[in-house]
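Participant: Have a look at the structure that comes next, please.
The values are calculated or read from the model by the stated rules, or taken from the named source; none is laboratory data. All values reported here derive from a predicted model rather than from experimental measurement. Because the Cβ atoms are built from the backbone with ideal geometry, glycine has one as well, and the counts that use them run over all protein chains shown. Accessible surface areas use protein heavy atoms only, side chains included; no ligands, DNA or RNA. Shrake-Rupley method; radii C 1.70, N 1.55, O 1.52, S 1.80 Å.
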Amino acid sequence: MEKTIKLYDKDSHMYEFSARVISCVKSDKGFETVLDRTAFFPEGGGQSADEGTINGIRVTDVQIDKNGIITHTLETELPAGTEVKGETDRELRFRRMQNHTGEHIVSGIIHRLFGYNNVGFHMGSECVTLDLDGPLTRDDLDRVEMLANRAVCENVAVRAEYPSAEVLENLDYRSKLDLTENVRIVTIEGYDVCACCAPHVDRTGEIGVIKLLDAIRYKGGTRINMLSGYDALEDYNARYKSTAAVSVLLKSKQSEIKEAVERILKELNSEKQAQTELKKQLIRLKKASIQPTDGNLVLFEESMDMLNLRILVNETIDLCGGICAAFSGNDADGYSYVIASKTVPMRAKSREINSALCGRGGGSDEMIQGSVKASAEEIRAYFEV
């Protein structure tokens, strides 16, 4: 079987085409259909396959094998010899071309400025991920982003071609693989020369805008999340709406949100410190009201977090000769607990306590913590024994 003619190689903006069915074989995925030519880009190079229809039948997947045969997986059979009309999802195709060409510009600029290589690329549903083999600062990324958008404004031509072996041998181009023949080279004059199989826009002005969203250190290098074109615009609009809503809630100008949030966080921290001090005072007052005992001491608080339960136990453990147990919660929802003792090894005792009170938890010989489903009456009865 001859290679499938790649119409997207000749015209990346071809969204409708006619073709003839060479074969159609049923599989567990659907009907694997080979056409004599296609405008559907198959999955490859970090980019998912095009979507669309053939004779109105939905295309669920497109793959290419090592022999250049492109297989379209359909939901319904098309007999061999049938003349068909294919239609790719033009909106999806164009957005992917914007993103992919934008990534080429960014990778080319980074390679020229810093000498780093693109070692990983994935076009996801939310953003494009680009992995580089060297570190970049935020200032570096801002510089790259500005230069990338200058390339967009210059509306540079984007060429895709298959150079001869002689030309390829002397051509300086980016590639993750060691390629020697039938190499498709995408050139963005002045910005990038790269081996790539995917469709791209004809001129950089079609991209509209390139935005580097964020970056993290990754495997000794840098992972960049970026968007281009309509996807970048939609991302900006979503962020703008969120920013506007937060601005209203904070009663602050959008340009002053950072300062407003910092002020609120400072106020909350001061409030938290004040509450902590009040809780400590409350615990000290509670301690003053407790009569010492040679036996066990059981304390109940309707609403107290684990940190303050531990503080309560540490403050009152000297008032008993046995076990000091503090519980927070209610009969309906259960109780959290912190239990300690200076005379009873609590790690060994925890299994007995949890078994008797339908609980779970553990800790050290000095202190355990967890939760129980028993009622307050059952808890008191257990520790009074």
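Participant: Just a yes or no: is a residue in the stretch 343-359 in contact (Cβ under 8 Å) with a residue 24 or more places away in the chain, surrounded by 13 or more Cβ atoms within 10 Å (Cβ to Cβ) and over 15 Å from residue 296 (Cβ atoms)?
Facilitator: The answer is no; no qualifying residue exists.
Participant: Then there's this: Could you go through the stretch 203-221 and let me know if any residue there is closer than 19 Å to residue 162 by Cα, touching a strand residue (DSSP E or B) at 6+ places or on another chain (Cβ under 7 Å), in contact (Cβ under 8 Å) with a residue 12 or more places away in the chain and surrounded by fewer than 18 Cβ atoms within 10 Å (Cβ to Cβ).
Facilitator: Scanning the stretch 203-221, I find at least one residue that is closer than 19 Å to residue 162 by Cα, touching a strand residue (DSSP E or B) at 6+ places or on another chain (Cβ under 7 Å), in contact (Cβ under 8 Å) with a residue 12 or more places away in the chain and surrounded by fewer than 18 Cβ atoms within 10 Å (Cβ to Cβ), so the answer is yes.
Participant: Would you please name the residue that is nearest to residue 305 (Cα to Cα), looking only at residues in the stretch 281-294 that are part of a helix (DSSP H, G or I) and open to solvent by less than 80 Å² (accessible area, probe 1.4 Å)?
Facilitator: 283
Participant: Right, another one. For the stretch 50-81, which positions are touching a helix residue (DSSP H, G or I) at 6+ places or on another chain (Cβ under 9 Å) and open to solvent by less than 10 Å² (accessible area, probe 1.4 Å)?
Facilitator: Hit for the stretch 50-81 is 50, nothing else.
Participant: Taking the stated definitions as given, is residue 259 open to solvent by 90 Å² or more (accessible area, probe 1.4 Å) and of a type in the set (D, E, K, R)?
Facilitator: yes
Participant: Check off (1) open to solvent by 50 Å² or more (accessible area, probe 1.4 Å); (2) closer than 16 Å to residue 112 by Cβ; (3) modelled with pLDDT under 95 for residue 167 and give me the number that stays unchecked.
Facilitator: Of everything listed in (1) open to solvent by 50 Å² or more (accessible area, probe 1.4 Å); (2) closer than 16 Å to residue 112 by Cβ; (3) modelled with pLDDT under 95, residue 167 misses just condition (2).
Participant: Hey, another quick one. Go through the stretch 19-40 and count every residue that is of a type in the set (Gly, Ala, Ser) and either on the phi > 0 side of the Ramachandran plot or open to solvent by 60 Å² or more (accessible area, probe 1.4 Å) (or both).
Facilitator: 1
Participant: Scan the stretch 82-113 residue by residue and report those that are under 27 Å from the mean Cα position of the chain (by Cα) and hydrophobic (A, V, I, L, M, F, W, C).
Facilitator: 92, 94, 97, 105, 106, 109, 110 - these are the residues of the stretch 82-113 that are under 27 Å from the mean Cα position of the chain (by Cα) and hydrophobic (A, V, I, L, M, F, W, C).
Participant: Please enumerate the residues belonging to the stretch 66-112 that are under 18 Å from residue 23 (Cα atoms) and among the hydrophobic types (A, V, I, L, M, F, W, C).
Facilitator: 69, 70, 74, 78, 80, 84, listed by residue number.
Participant: Residues of the stretch 71-113 being among the basic types (Lys, Arg) and outside any helix (DSSP H, G or I), which ones?
Facilitator: 85
Participant: Taking the stretch 139-164 as the search range and keeping residues that are assigned to a helix (DSSP H, G or I) and open to solvent by 100 Å² or more (accessible area, probe 1.4 Å), which one is nearest to residue 208 (Cα to Cα)?
Facilitator: Per the stated criteria, the residue is 153.
Participant: In addition: Can you tell me which residues in the stretch 285-331 are among the hydrophobic types (A, V, I, L, M, F, W, C) and free of Cβ contacts under 8 Å to residues at least 12 places away in the same chain?
Facilitator: Within the stretch 285-331, 285, 288, 307 meet the criteria.
Participant: Moving on. Would you be able to tell me the number of residues in the stretch 198-247 that are of a type in the set (D, E, K, R) and in contact with an Asp or Glu (Cβ under 6 Å, 6 or more places away or on another chain)?
Facilitator: Qualifying residue count for the region: 1.
Participant: Can you report the number of residues in the stretch 92-126 which are open to solvent by 60 Å² or more (accessible area, probe 1.4 Å), over 16 Å from residue 148 (Cα atoms) and either in contact (Cβ under 8 Å) with a residue 24 or more places away in the chain or in contact with a strand residue (DSSP E or B) (Cβ under 9 Å, 6 or more places away or on another chain) (or both)?
Facilitator: Of the residues in the stretch 92-126, 4 are open to solvent by 60 Å² or more (accessible area, probe 1.4 Å), over 16 Å from residue 148 (Cα atoms) and either in contact (Cβ under 8 Å) with a residue 24 or more places away in the chain or in contact with a strand residue (DSSP E or B) (Cβ under 9 Å, 6 or more places away or on another chain) (or both).
Participant: Out of (1) surrounded by 11 or more Cβ atoms within 10 Å (Cβ to Cβ); (2) of a type outside the set (A, V, I, L, M); (3) within 30 Å of residue 151 (Cα to Cα), what's the single condition that is false for residue 276?
Facilitator: Of everything listed in (1) surrounded by 11 or more Cβ atoms within 10 Å (Cβ to Cβ); (2) of a type outside the set (A, V, I, L, M); (3) within 30 Å of residue 151 (Cα to Cα), residue 276 misses just condition (3).
Participant: Would you confirm, using the coordinates I've provided, whether residue 13 is over 24 Å from the mean Cα position of the chain (by Cα) and in a loop (DSSP other than H, G, I, E, B)?
Facilitator: Yes.
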